[in-house]
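Peer 1: Pasting in a structure now, in structure tokens, and then I'll have a few things to ask.
The values are calculated or read from the model by the stated rules, or taken from the named source; none is laboratory data. As the structure is a prediction and not an experimental result, all values here were calculated from the model. Glycine also receives a Cβ, built like all others from the backbone with ideal geometry; neighbour counts cover every protein chain displayed. When the accessible area is computed, the model is the full protein with side chains, heavy atoms only, and any ligands, DNA or RNA have been set aside. Shrake-Rupley method; radii C 1.70, N 1.55, O 1.52, S 1.80 Å.
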Amino acid sequence: LGRARAVEVLPGAVDSADVDALARALAAVLPGVAVWPGPAVTTVAPGSPADVVVVTARPEDAVRTAETAVAAGRRCVVVVTGDEIGGLAALAATTATVLLCWRPLGDHAGVLADVLAGHAEPGGRLPVAVASAFPLGHG
């Protein structure tokens with residue numbers, strides 16, 4: 001998001017405190033970039049001032065919002081804040097960037113904002129194995 005001029009943070013299905021927390025954190029790490037939280041949407045107007053849409057939701061909730069944003073010509077980053085990974089393949093078919101957080105953003109929205117702004121590299125490793133939605137080495 002480092003080259004964005006404007007970022008709209010949207011929930012995938014319903015309003016969420018995560019959206020406000022992430023919008024505040026992004027505004028703090030992206031000086032000069034307009035950042036605002038938005039409502040859950042099913043339509044995204046083409047020509048919106050936002051260059052990038054960040055969607056926080058479970059994968060299955062985020063699919064419709066991400067598809068709508070991409071169809072409107074907007075770049076889309078999906079942040080999955082839960083531990084349900086069943087809808088990841090559908091998200092990967094919709095948008096190029098999907099980031100798994102595993103937990104609600106809460107107090108670590110600033111860390112996620114640093115990752116999204118390119119100021120930090122996500123380096124967390126899971127102590128558990130999960131069923132892969134992609135072949136080994138896919139990236």
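Peer 1: Among residues belonging to the stretch 1-47 that are open to solvent by 60 Å² or more (accessible area, probe 1.4 Å) and of a type in the set (S, T, N, Q), point out the one that is modelled with the highest pLDDT.
Peer 2: Step one: of the stretch 1-47, the residues open to solvent by 60 Å² or more (accessible area, probe 1.4 Å) are 3, 5, 14-15, 17, 20, 24, 28, 31-32, 36-37, 39, 42-43, 45-47.
Checking the rest, the ones that are also of a type in the set (S, T, N, Q) come to 42-43.
Details: THR42: 56, THR43: 59.
Filtering first and then ranking leaves THR43.
Peer 1: Moving on to the next point. Within the stretch 109-123, restricting attention to residues that are open to solvent by 70 Å² or more (accessible area, probe 1.4 Å) and of a type outside the set (Val, Ile, Thr), which residue is modelled with the highest pLDDT?
Peer 2: HIS119
Peer 1: Let me ask something additional. Consider the stretch 102-122. How many of its residues are in contact (Cβ under 8 Å) with a residue 40 or more places away in the chain and either over 20 Å from VAL29 (Cβ atoms) or in contact with a Ser or Thr (Cβ under 7 Å, 6 or more places away or on another chain) (or both)? It would help to see each step written out before you state the result.
Peer 2: Our first condition is that a residue be in contact (Cβ under 8 Å) with a residue 40 or more places away in the chain; within the stretch 102-122, this holds for 104-106, 109-110, 112-114, 116-119.
Those still in the list that are either over 20 Å from VAL29 (Cβ atoms) or in contact with a Ser or Thr (Cβ under 7 Å, 6 or more places away or on another chain) (or both) too: 104-105.
Number of matching residues: 2.
Peer 1: Please determine, by comparing only the residues of the stretch 74-107 that are modelled with pLDDT of 80 or more and open to solvent by 70 Å² or more (accessible area, probe 1.4 Å), which one is nearest to the chain's Cα centre (by Cα).
Peer 2: Result: ARG75.
Peer 1: Residues in the stretch 64-72: is at least one part of a loop (DSSP other than H, G, I, E, B), at pLDDT 75 or above and under 13 Å from the mean Cα position of the chain (by Cα)?
Peer 2: no
Peer 1: So, in the stretch 108-120, how many residues would count as being of a type in the set (Gly, Ala, Ser) and over 13 Å from the mean Cα position of the chain (by Cα)?
Peer 2: Total satisfying the criteria: 3.
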